[in-house]
Every structure is written in structure tokens, then in C-alpha cells.
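First comes the structure, then the notes that go with it.
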Amino acid sequence: MEKIYLAILLAPLFASIVAGLFGKWVGRAGAHTVTILGVAVSFALSVYVFNHHVLQGQPAFDGAVYTWLETDGLTLEIGFLVDQLTVLMMLVVTFVSLMVHVYTIGYMHDDDGYQRFFSYISLFTFSMLLLVMSNNFLQLFVGWELVGLVSYLLIGFWYKRPTAIFANMKAFLVNRVGDFGFILGIAGVYYFTDSLRYSDAFAAAPAIADVYFHLFSTNTTENALTIICVGLFIGAMGKSAQVPLHVWLPDSMEGPTPISALIHAATMVTAGIFMVARMSPMFEYSETTLTFILVIGATTALFMGFLGLVNNDIKRVVAYSTLSQLGYMTVALGASAYAAGVFHLMTHAFFKALLFLAAGSVIIAMHHEQDMRRMGGLRKYLPITYWTCLIGALALIGFPGFSGFFSKDGLIEAVAESTIPGAGYALFAVMAGVFVTALYTFRMVFMTFHGKERMDEHTREHLHESPWVVTLPLVLLAIPSIFIGWFTIGPVLFGDYFRDVIFVLPQHDVLAKLGEQWHGPAAFVLHGVQAPVFWLAAAGVATAWFLYLKRPDIPDAIQARTRGLNRLLENKYYFDWFNENYLAAGARAFGRIFWKGGDRMLIDGALVDGSARVVGWLAGVIRHVQSGYLYHYAFAMIIGLAALLAYLLVRT
Amino acid sequence: MNNWPLLSILVWLPIVGGIAVMLLGDARAALGRWLALGVTVLAFVLSVPLYTGFDSTTAAMQFVERLPWIPALNSDYHLGVDGISLPLILLTTFTTVLVVIAGWSVIEKRPSQYFAAFLIMEGLMVGVFAALDALLFYVFWEAMLIPMFIIIGVWGGVRRVYATIKFFLYTFLGSVFMLVAFVYMYLKTGTYELSAFYQLPLTLTEQVLIFLAFFAAFAVKVPMFPVHTWLPDAHVEAPTGGSVILAAIMLKMGGYGFLRFSLPITPDASRELDWLVIALSLVAVVYIGLVALVQQDMKKLIAYSSIAHMGFVTLGCFLAYDIYANTGATTGAVLGLQGAMVQMISHGLVSGALFFCIGVLYDRLHTREIGAYGGVINTMPVFGAFMVLFAMANAGLPGTSGFVGEFMVIVAAFKANFWYAFFAAVTLILGAAYTLWLVKRVVFGEVANEGVAALKDLNRREFLVLAILAVGVLALGIWPKPLTDVMEPTLQQTLTLMSASKL
């Protein structure tokens, strides 16, 4: 099996190298053929691995490929841990990636950087697989940073645009702030286990939970496991864009749409969710961290949803929706319902990739116009895009029976059962979030596909459905967006799919409690229709219909009345403003003070050149003594002689 | 080949070759260039058997050569390599080849003397790393300053006189104290033999004084805050090749000195004063990182970045005492030492590559101002790709060599003290900030001006140099084990020496 894992990992890397370094020789068709083949191989073999481990029930694999470094009794390896969680991630990543590869043929058709683009997304697939298949923290961190690198390269893909090259630097730096915590967490693991293998860390977690550090003073103590877990979670906050490290994700929309779907919706941004689920044997023992996760996730889920309400850029609406949904997943993790978080991650990967690609299809049709105020009525021009987008929207708001319904309802009910401090706030946030989600989602659907046609004549004349390479992935993603929840909720949430993989303490096990009332997906849907969550969503859609189709004048009136609130939302709660004016500018100011004040004035000016000047001045003074006049020397000699005599006289 | 005096060859072949190149004169500069290339390639090829023939199961000195040198002073011509010096010698012979290729057609003023200076310097630098006799070490250490002094002073920029004098006085002043310490220990042992110094019992006061004398020499070379200000000036004025050697190899002599002299000879003083080194290392990471952020001159920026990166070297070297105090065991100490060494080798490749990159731009537009560039990737796509790769390595991206040492030191630092790791990890943010901002302003964006619009992409010679460095940077990042395996026994022994009290 090891060879198969290796093939899954290396096929996209090989394809990426071919398309990237030899793009000129293989040409455009060569580049997309080789990369699509590479990802297809990965996907097919992932299916095989799924069959092997899940359907045939073979035990998980945990082993090394090669030793990266060995010193001081520490062995760092590149290796694989392949179990149910890994297989699920591998399937999601390779499937969505394959869809995006095909879609890219259409979307990037006219772009000069065609080969480069295919090379990057294949490199991304490799990096993401490296991350999810890891069996140790080193490789996790390597994959973690490499996906960040590819994200950087792809956000700045159109490197001439000032906004793009600002956004990619911002994305990398904000992620580095997260990684700062992440690496400290990893160092903490090493502190206790002298190893970076997951298995060693998991085994040691209960013992670490009893250790206390004195970090700030000798009077205060901090739980060691909490420090490690919070550190790791700060990494997740960067990658999975949780408040306040979420600021990079909306700006990442500067990149081409296919990567918004692949990296900034379906896969990379869920790496943080995956990581926490993977580390459940550690996080379970630190309730403080779980509370922290709950509060951060809930805040992200609700408040980022609000921002989706005021944006007019179709991609940014979907981006804020992604932020909000990542908040939902995070809340599930905080409530110890790791399986629910991962389950939502999976369904979300399908329907959010679908929504992004549908938005991309709209953007192609509109000749790269992204402002929804200049769209409307596109339903009849883009029928396939419309219907698939509608499916994605219904899945997103949790319409009963769609995949998003199962994952979101399961998640909310799990939070309702949770007794971890902060669960009350989280429940409120995710419930309110349901209404907000429905509102902004259908605001987008209505503004884009329904109502008056607001585009100019020229654009209208050229409107037509996208080519098959674009619509085929939409259809293929729409299918799991509808059905996958129905078929998988039983085993994933309430069955034993994750039994040996995700660890939950009995007193935290909210999913087990829900499982007692589990009577199959049909009953779950029936129950869901009667629950308040469904009515909140319905109210959201109705409100959107009323505000954006029936009475489009009302939103403007509301905006005019609530100028303060509106300004707060339009400025995205002033996070960017604060970061740019205080953090970034502050760092530069300190740099300038240290440089000009410290290096130049104090060290160079006063000490280095100063000492040179003192030597020069002394020499200048002493030089006068050596005037060259004989009578000066004679005079000095007489004085000296007299002084010497006087001294001798006085001494005797 | 194990019977050959390989180390002597590596010291004297470049020196003799350099003199020959100089004698050929500028009239036969073309021939001189080829001779210089031949000599450096030969030196590199001859340094490979050092690695392949190296026994990495022992900490003992290998390829040892010993002849009486100054019998009156009981000083020997004593050379040898162990796990610490071997990688640094390989780095020296490797980098010098690239420097010769990089200077191939760029140097118009007195080309043969230029190449001769680098060849002579190569021999002297190998001598520094191979010398096992303190007096011999001192001679190589000081002699090496002369060619560098000439390189900056003759082929340097506008303020080269200020820079050379500053460079020379700074480094020379530091070294003099080291000589005093050597003489003191000679008076006690009657020999300049390094291993005798290791065994010499010293009181704490003696150790502290010797430690500070060494510190004056090595801290200036590294350079550590606050004696670092000569480096940005020297870099800015030096020609590309000079900057490369300065960054890639000369700075390493400071770190080498700490590992070879300070820690084993004055273990108790190192324990007493480790707080000083650690504090200054962390200042280098944070303070210098912020200073690097606001530089307008590309070379200055990379020079400051070098100082910040070298902070990891000194930090990694001095972690052992606090690790023992904090955890009651020394696990993690060798990880820190390894991290320091890997960081030195990696920094040699990465900063060398970045100075090459800046040289490529400087050769075309004759300015180092960041503001004079912008959108370079439009006209130089291949160059842009290399620049982004090396910038990422500088920012410590996993998969490149830049990650390995930083990761090891940060992880080891946590064992000593959470806050050491905390401040060291700030480099993740600052390092990325100053490097990527540089890339954003220089490489990306619309074509900024006519100068950039007229740029020609890399020629074959430049491509070769950068490609070789890229392979090195990636290879070390993907599989550092061959490097760390060689160093392991020696660093274990260093830990033993630095942990054994002399009181």
C-alpha cells in the first residue's frame, strides 16, 4: 500500500514540475493533459484506498517513507498516517481538485500564464495531500506552509495588478502570524515527548494536561496542554481564517476564480479544521482551549455573515460566506463534535466549490464583471449555471434534504447539547447565522439571476452559457451537493466511521447523545422541517425575496437610515484599518526609530565614529606639541629638567 | 587518496593559483580567468573526498596533518577536520567557484587581481576552518582580512574607503583581544595546541576574561548586535563577489569560533554569560528584523536580514545551559547546536544567492535602490522565479534550507525557555515581512520605468550560478540528513566539552 500512497502524493507533483518547468515544450494542451492526468491518478487511487481501508476494513497505516533528519535522539520523518479521516480528506481534495483542473481549461482559456496556472494548482494538490497524509507535526507544518506558498503564488497570479500583489503578501503574512502560534505549539509537543510523531503526542496528552508552567510570573500558572493547543489553534485561525486572522481571505479573491474554489473555499482553508480534528486526543483534555475555539468560531460564523449582506462583488459574497461557514465548523470543533465539523467540511467543500465555480461562470459570461448591481436576470442566459448555483445555494442555507442541511443541522444540535463554557453564545451565533446565511445567499441569487437585467447592452448581447469544460464540473459538483449528506450522515456522525480516529471524552460526547435519537436520514429530515432552524432559513430567503425582488427600494432606505452601522460593515469592522495603520505602520515606525536612532545615531554616530573622532581630536591636540621648532623643544626640555629637579628636591 | 595532504592542498592550491593569476596580469586576463576557474573547480573537486572519506561515526579530527612550524613558540602547522569544520570547508570551496563564474565578464577593472584576491582568500578561509593550532588559526584569521580589505577597497562603491576602514578596524580590534587570550593560555600550557587549551583548567575569573576576549572577536564577525554596523556598510560598498563571500563564509567564522573556542575552552564562563549571548541573539531577531523592514537599499536589506538570521546561530549554540537548568536533562541541546550549524550552511547558500540576484540587477541598472525597480518579472521572468525562490528560502519556507535550521533552533529553544522560542519565532513574521515586501516592490507589479522595460533576462552564466544554488537550497531543505549525520558525533562532543566544568 505504501507505494500507492506515494503515487497519490507524487503524481500531482510530477505533473506540476512538467507543466511548470517544461511548460514551453509541452504547450498548453500538454500542460493541462499532464496535470489532469496526475490529479486523476491521485483521485482514482484515493478511491482505491477508500475501498481498502473503509469498505474492506483494513487497519490504518502509520509508517515512514524516509528519514528527513536524525539528531539528538530525535527522528524526523516524512511518512503517512492513512485512516478514515485521511481518506475522507484525500477524496475531497483530489475530487474537487480534478473538477477545478477541468474547469480551468475553460476559465483560463485566454490567459498567458496557462501552463503556470496548471503547474501551481497541481503543486497545491501535492502540498495539500502532504498535509493531510502526514503522520507527524514536521510534515504537517511543511504541507501547511507549502499550501500557503501556493496560495501566495496564486493570489498574486496576475502579478501586474497592484491589488493582487498586495493581497498575496497580506495573505502570507497573516498566515505567518498564525504559524507563529503553530510552531510554538509544535515546539511544546517536542518539549514533552522528545518526538514529533502524532502517536507519541496523543499518548502523552493526558499527562501533559497535568503539567503547569509559570510563564508570566511565579505566582501564576498556565496549563501546559492549553498553551500547546492554543498555539496549534492559532495556526488554524490563520489558515482557516478565523477572527481576527480572517482579514486575508476576502482579499484572496484577487486570484483567479478556480483557485478561490479550490484553495480558498474547499480545501486549504479547511486545513485548520482538519488539523484540530486530527489532534482531538490533545484538544479533548484542554477545556479552556475548547471554550476559546467555541467563542472564536461563533464570532466568525455570525459577524462574517453580516459582511456578506453589504457586499456587491459576487465573489466576495461567497468569500464572506466561506468565512462564516468555517466559523460553523470551528464551533463544532469547540463543542467536541469533531465529526460534525469534518462532516460540514466535506459537504461544504462540494457546495462551496460549486458556488465559486458558478460565480466564475457568471463572471466569464459577464466579461469579468463582478459587481452584482450590474447583473440580474441571468437565469435565462445561463440555465445550467443557474440551476447548479441554486443547488449550491440551497445546500448552503441548509434546505432539508440537501447535503448542507445534514451537516449544519447535525452541527447545531450538537452545539445545543454541549456543556462546554461558551456553548450558549455559540448556539445563539450559529442559530442567528442561519437566518443571515439564507439572507445573503439568496440576495446573491436574486440579484444575479433574477429581477431586472441591469447590465449594458453590449454585455447583454454577448451573454451565453459557458463551454462544457466549465459546466461539466458544475454538474459533477452539484450531484454530491444534493446527495452526499443523506448517504453519509449515518456512519460519519452517528456511526463508527471515525471511531478509532477521533477521540472524545465521554463527558463531552454530544454526538453520542444525539445518536440515541438517530432513526435514519428520513426521520432526520422530517424532524428538521419542524425545527426552528428551518424556519429561520426560510425567513431569510423570504426576506431576501421581499427586499431584492419585491421591493428593491427598501435596502437603500435601510442603508440611509443606518449609516453608522452601514459604515461599520462596509469597513469590515475596521480590522484592515487597524492592521494597516497601527500594526504595519507601527512596525515600520519602530524599524525607522531603531535604524536611525539606534544604529545610525547611537551606535555609529556616537560610539563608532565618535571614538574615531575622539582619537582624531586627541591626535590633533598632541600634534601641536610636535611643532618642529627647536626652541619649543629646548623650552620643553628645560621645563622638564626643572620639574625633575624640583621633584628630587622635594622627595629628599 | 586518503594519503594525500588534502587539507594542505586546499589551503595552498588556491593561494599559489591566485599568485599565478596575478602574475599573468591584466594583459592576459582571459587566460587568468580560466586559470582561476580551473583552480577553484579543482579545489572543489578535491574537497569532495573530504566528505566521502569522512568517518561520521567519530568526533575525532580527521585528515590530520602536523608539522613543526615555529619550534621556539611550540607552535605547529596542524590541520584537521571534524563535523563542524567539514561542512564549512565544503561551503567555502563551493561558493568560491560560483564567485569566479559570477565575476566572469562583469569585472572590467584589473580583472586578474580581482580573481587572484578571491583565490588567495579561499585558501586562507579553508585554513581558518582547518587550523588546530591557535597561532596558525590566528594567522589565517587575520590574513584573510587583507584580500577582503582590498576587494572592497578597490572594486567597491562610492563610500568604499569609509566602509573598508570600518570593516578592518572593527574586525581587527576584536581579534586582538583573541590573540591576548591565546597568548595567556600559551603561557599556562606552553603550547598553542587547541586540544591542550580544551584541557587547561581555568578559574572562573580567567574564563570570564578569556570568554569576553573571544566574544569581542566572534561577536564582531557574526555580527551580533550592537557591533553589527560594519556589515551593512561593507556589503553596500563591496562588489557582488565580495558580498557573497562576506555573507556566505566570513560571517560563519564567528559562529565557528563560538563552537570551536568559546564553548569548549570556557565552559563555565559560557554558562555564566549565556544570558548575554541569548539576549543579544533575540535582539538580533526582533530589532534587526524591524530595521530590515525599512531599508531602501536592497543590499542593506539583505545585510540586515543576515544579521537577524545569524541570531539563530548564536542562539542555538548557547541553549544547552538553560535546557539543563529547565528540564534537568540535555536532550535538545544538540538539536540547538545542529540547528545553528544548519542555519550557517543554509544562510551561506541563501544569502549568497540573494546577493547574486542583487548583483544581476545592479549589473544592468547600476542601482541598488528598491524604488528604482518594480515589475522586473515582466522583462526577466526566469530571474523573477529564482528571486522568489530564494526570497522564500530567506523567509524560512519549508522545503528550502532556510526552514531547517530555524525550525530546529525554535523547537530546541522551547526546551530552554518558552520566551526564547517566542521571540525567536517572531522571525516567521518579520522575516517574511521584509523579504516579501522586497519581492513585491522589486519583482512584481507593472513595469515601473524605462530601465526595467529594457532589462534582459539572465544569460547562461548567471542562470548556471543561480540554478546550482537553487539545487543546493532545495536539496538541503528536502533532505538535510546527510548534512546533520556528518556533524552529529562532533556536536555531541561539543556538548560534552561545554557541559564539563573546569573549576
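The values are calculated or read from the model by the stated rules, or taken from the named source; none is laboratory data. Not measured: the values here are computed from a predicted model. Note that we place each Cβ from the backbone using ideal geometry, even for glycine, and neighbour counts take in every protein chain shown.
Can you say whether residue B:99 is free of Cβ contacts under 8 Å to residues at least 24 places away in the same chain, touching a Gly at 6+ places or on another chain (Cβ under 8 Å) and in a helix (DSSP H, G or I), as far as the supplied structure shows? In short, no. Among the residues of the range A:13-30, write down those that are among the β-branched types (Val, Ile, Thr) and within 18 Å of residue A:153 (Cβ to Cβ). Within the range A:13-30, A:17, A:18 qualify.
Quick check: anything in the range A:457-466 over 18 Å from residue A:344 (Cβ atoms) and polar (S, T, N, Q)?
yes
Restricting to the range B:148-178, count the residues that are more than 13 Å from residue B:230 (Cα to Cα) and either buried (at least 23 other Cβ atoms within 10 Å of the Cβ) or among the charged types (D, E, K, R) (or both).
Summing the residues that are more than 13 Å from residue B:230 (Cα to Cα) and either buried (at least 23 other Cβ atoms within 10 Å of the Cβ) or among the charged types (D, E, K, R) (or both) in the range B:148-178 gives 4.
Taking the range B:420-450 as the range and being among the small types (Gly, Ala, Ser) and closer than 21 Å to residue B:354 by Cα as the test, the residues that pass are B:431, B:432, B:433, B:445.
For residue B:292, indicate whether it is of a type outside the set (Phe, Trp, Tyr), surrounded by 21 or more Cβ atoms within 10 Å (Cβ to Cβ), within 25 Å of residue B:363 (Cβ to Cβ) and within 12 Å of chain A (Cβ to nearest Cβ).
Yes.
Consider residue B:63 carefully, then state whether it is surrounded by fewer than 24 Cβ atoms within 10 Å (Cβ to Cβ) and part of a loop (DSSP other than H, G, I, E, B). It is false that residue B:63 is surrounded by fewer than 24 Cβ atoms within 10 Å (Cβ to Cβ) and part of a loop (DSSP other than H, G, I, E, B).
Mind listing just one residue for me: the one in the range A:185-204 that is of a type in the set (A, V, I, L, M) and in contact with a helix residue (DSSP H, G or I) (Cβ under 6 Å, 6 or more places away or on another chain) and, of those, nearest to residue A:280 (Cα to Cα)?
A:201
Scanning the range A:402-443 for residues that are hydroxyl-bearing (Ser, Thr, Tyr) and over 21 Å from residue A:348 (Cα atoms) turns up A:418, A:419, A:425.
Counting residues that are of a type in the set (Ser, Thr, Tyr) and touching a residue at least 40 places away in the same chain (Cβ under 8 Å), which helices (runs of 4 or more DSSP H) fully inside the range A:413-521 reach at least 2?
A:423-449, A:468-489
Looking only at the range A:165-217, residues that are more than 25 Å from residue A:83 (Cβ to Cβ), facing chain B (nearest Cβ under 8 Å) and not in a helix (DSSP H, G or I) come to 2 in all. Would you confirm, using the coordinates I've provided, whether residue A:611 is loosely packed, with under 13 Cβ neighbours inside 10 Å, out of contact with any Leu (no Cβ under 9 Å at 6 or more places or on another chain), farther than 30 Å from residue B:164 by Cβ and among the hydroxyl-bearing types (Ser, Thr, Tyr)? No. Being more than 8 Å from chain B (Cβ to nearest Cβ) and surrounded by fewer than 24 Cβ atoms within 10 Å (Cβ to Cβ) is the requirement here; does residue A:112 meet it? Yes, satisfied.
Residue-level analysis places residue B:9 among those that are β-branched (Val, Ile, Thr) and closer than 27 Å to residue B:193 by Cβ.
Looking only at the range A:578-608, which residues are of a type in the set (Phe, Trp, Tyr), touching a helix residue (DSSP H, G or I) at 6+ places or on another chain (Cβ under 7 Å) and farther than 29 Å from residue B:172 by Cα?
Across the range A:578-608, the qualifying residue is only A:590.
Go through the range B:129-191 and tell me which helices (runs of 4 or more DSSP H), entirely inside it, have 1 or more residues that are in contact with a helix residue (DSSP H, G or I) (Cβ under 9 Å, 6 or more places away or on another chain), small (Gly, Ala, Ser) and touching a residue at least 40 places away in the same chain (Cβ under 8 Å). Per the criteria, B:134-143, B:160-189.
Of all residues in the range B:192-207, those that are touching a residue at least 24 places away in the same chain (Cβ under 8 Å) and either among the small types (Gly, Ala, Ser) or part of a helix (DSSP H, G or I) (or both) total 6.
Of the residues that sit in the range A:458-496 and are surrounded by fewer than 21 Cβ atoms within 10 Å (Cβ to Cβ) and closer than 19 Å to residue A:409 by Cα, which one is modelled with the lowest pLDDT? Break it down stepwise before answering.
Residues of the range A:458-496 surrounded by fewer than 21 Cβ atoms within 10 Å (Cβ to Cβ): A:458-465, A:467-469, A:472, A:475-476, A:479, A:482-483, A:486-487, A:490-491, A:494-496.
The next check asks that each one be closer than 19 Å to residue A:409 by Cα; those that pass are A:482-483, A:486-487, A:490-491, A:494-495.
Working: A:482: 92, A:483: 91, A:486: 91, A:487: 90, A:490: 87, A:491: 88, A:494: 87, A:495: 83.
Taking the candidates together, the pick is A:495.
As for the range A:570-582, it holds at least one residue that is more than 27 Å from residue B:232 (Cα to Cα), within 14 Å of chain B (Cβ to nearest Cβ) and charged (D, E, K, R). For first residues located in the range A:605-625 and within 14 Å of another protein chain (Cβ to nearest Cβ), partners that are of a type outside the set (Lys, Arg) and part of a helix (DSSP H, G or I) and lie 6+ apart or on another chain with Cβ distances below 9 Å form the pairs A:608/B:169; A:608/B:170; A:608/B:230; A:610/A:604; A:612/B:165; A:612/B:169. Within the range A:219-259, being β-branched (Val, Ile, Thr) and either within 14 Å of chain B (Cβ to nearest Cβ) or under 16 Å from the mean Cα position of the chain (by Cα) (or both) holds for A:220, A:221, A:226, A:227, A:228, A:230, A:234, A:243, A:247, A:259. In the range A:586-598, the residues that are at the interface with chain B (Cβ under 7 Å from one of its Cβ atoms) reach residues that are of a type in the set (Phe, Trp, Tyr) and part of a helix (DSSP H, G or I) with C-beta atoms within less than 7 angstrom, at least six apart or across chains, in these pairs: A:594/B:287. Residue A:262 falls short on exactly one of the conditions (1) at pLDDT 90 or above; (2) over 9 Å from the mean Cα position of the chain (by Cα), and that condition is (1). Within the range A:545-592, if we keep just the residues that are charged (D, E, K, R) and farther than 26 Å from residue A:452 by Cα, the residue that is surrounded by the fewest Cβ atoms within 10 Å (Cβ to Cβ) turns out to be A:563. Checking the stated criteria, residue B:490 turns out not to satisfy the condition of being crowded, with 19+ Cβ neighbours inside 10 Å, facing another protein chain (nearest Cβ under 8 Å), polar (S, T, N, Q) and in contact (Cβ under 8 Å) with a residue 12 or more places away in the chain.
Identification of helices (runs of 4 or more DSSP H) wholly contained in the range B:412-496 with 1 or more residues that are under 30 Å from residue A:195 (Cβ atoms), modelled with pLDDT under 95 and in contact with a Lys or Arg (Cβ under 6 Å, 6 or more places away or on another chain) yields B:418-442. For the range A:15-60, enumerate the residues that are of a type in the set (Phe, Trp, Tyr), modelled with pLDDT under 95 and buried (at least 16 other Cβ atoms within 10 Å of the Cβ). Within the range A:15-60, A:50 is the sole residue that qualifies.
One residue stands out among those in the range B:1-16 that are assigned to a loop (DSSP other than H, G, I, E, B) and hydrophobic (A, V, I, L, M, F, W, C): the one that is modelled with the lowest pLDDT, which is B:1.
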